[in-house]
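What follows draws every value from the coordinates through simple rules; no lab data is involved. Note that this is a predicted model, so its numbers are computed, not measured. Neighbour counts are summed over all protein chains in view; Cβ atoms, including those assigned to glycine, are modelled from backbone coordinates with ideal geometry.
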Amino acid sequence: SVKNDTRGGYSFYTARMESTFSQHLDLEMGLRRALTNHEFAIHYQPQFDAQGQTVCGVEALLRWQHPERGLLYPGDFIPLAEEVGLIGHMTEWVIDTTVRQMKAWVDAGIAPPRMAINLSALDLKRSSLVGEITQALERHQLPGERIELEITENLIVQDINIATQRLTELARHGISIAIDDFGTGYSSLSYLHQLPIHTLKIDRSFVQDIVPERTGRSVIDAIIAMGHSLELTIVAEGVETELQKDWLAQKRCHGMQGYLFSRPLPTEAVTHLLEAAISRNVDVTVQAESR
Ligand code: C2E
Ligand code: MG
Ligand code: MG
Ligand code: MG
């Protein structure tokens, strides 16, 4: 009957809500324990020059090796970490870990020019952020020039004054700033000359539009042209095909990142790749993520 259907639908709905709620709680408690239990890891994705020969950087990407659920990606837990106020602690850990790793690569003589670190929208609001970064640099004796911070347009536009203040201070320490996922956010292009920006990272969605059919290339074409005229370094993310690579190289895109070149790799594997790249032997087999 109609009544039963309704009741059935209702109880099904509450059961689902309850399980979502308790999953959420589990995840939150798990997040709280993850830092002390050393469950976080960084995977590093190399960025290559337009010829695909030289490693011009690595991007640090956070992973959570969950004891029951396996490897979790930022999309699975960063929104929750932001919501429950844990993101600051996680960012501090990411900064300390990546700066220490970069220093180890510098000491080993295999460091790429730069390490890119992603910041969350909430990080820039924290007044302690600049101190956390500069103290990590000091602690590990790494020059700021080795670090690039990736932030999104939305983050800048939300509070342009705070963004200007923090980013200018960071730039004074030699740290460079990249605009991540460029072209997808709320874009008020006026910030581009107001802020010390070094790099534009073209969002994967535009790179995916580079297909044999030749449609949909005009937006990415315009972004690259703008990047050149502002004298910014242009990095394309999510490069998956030779066609995309060749087209981007022909447009004088400076850096490329994507599965065509390498997936994000655990520390040991990316260290091997960097060693091999230094000795000009990029033909190594490495253990990569598969998803
Ligand atoms: P993002 O900074 O735009 O990073 C690029 C994402 O694209 C990464 O996903 C990377 O694994 C993936 N990717 C790289 N090459 C390819 C490709 O050729 N094809 C496809 N389909 N994907 C590719 P991931 O690691 O899941 O990270 C997602 C987002 O999470 C990042 O986007 C970044 O915004 C955020 N994130 C990552 N690490 C951190 C962190 O330490 N802190 C904060 N606050 N956010 C982070
Ligand atoms: Mg990024
Ligand atoms: Mg990106
Ligand atoms: Mg992106």
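Distance between the pseudo-spin-label points of Thr215 and Ser229 (7 Å out from Cα toward the beta carbon): 2.7 nm.
Which angle from 0 to 90°, rounded to the nearest 10, does the C-alpha axis of helix 129-140 make with the longest principal axis of the chain? Taking the Cα atoms of the chain, the angle to 129-140 is about 60 degrees. Across region 112-117, computed HN-Hα scalar couplings (Karplus, 6.51 cos²θ - 1.76 cosθ + 1.60, θ = phi - 60°) run x, x, 9, 10, 9, 10 Hz from first to last residue, x flagging Gly and Pro. Helix 160-172 and the longest principal axis of the Cα set of the chain meet at an angle near 40°. For region 34-69 versus region 181-251, the spacing of their alpha-carbon centroids is 23 Å. Based on Cα contacts under 8 Å between residues 6+ apart, the chain shows a relative contact order of 17 percent.
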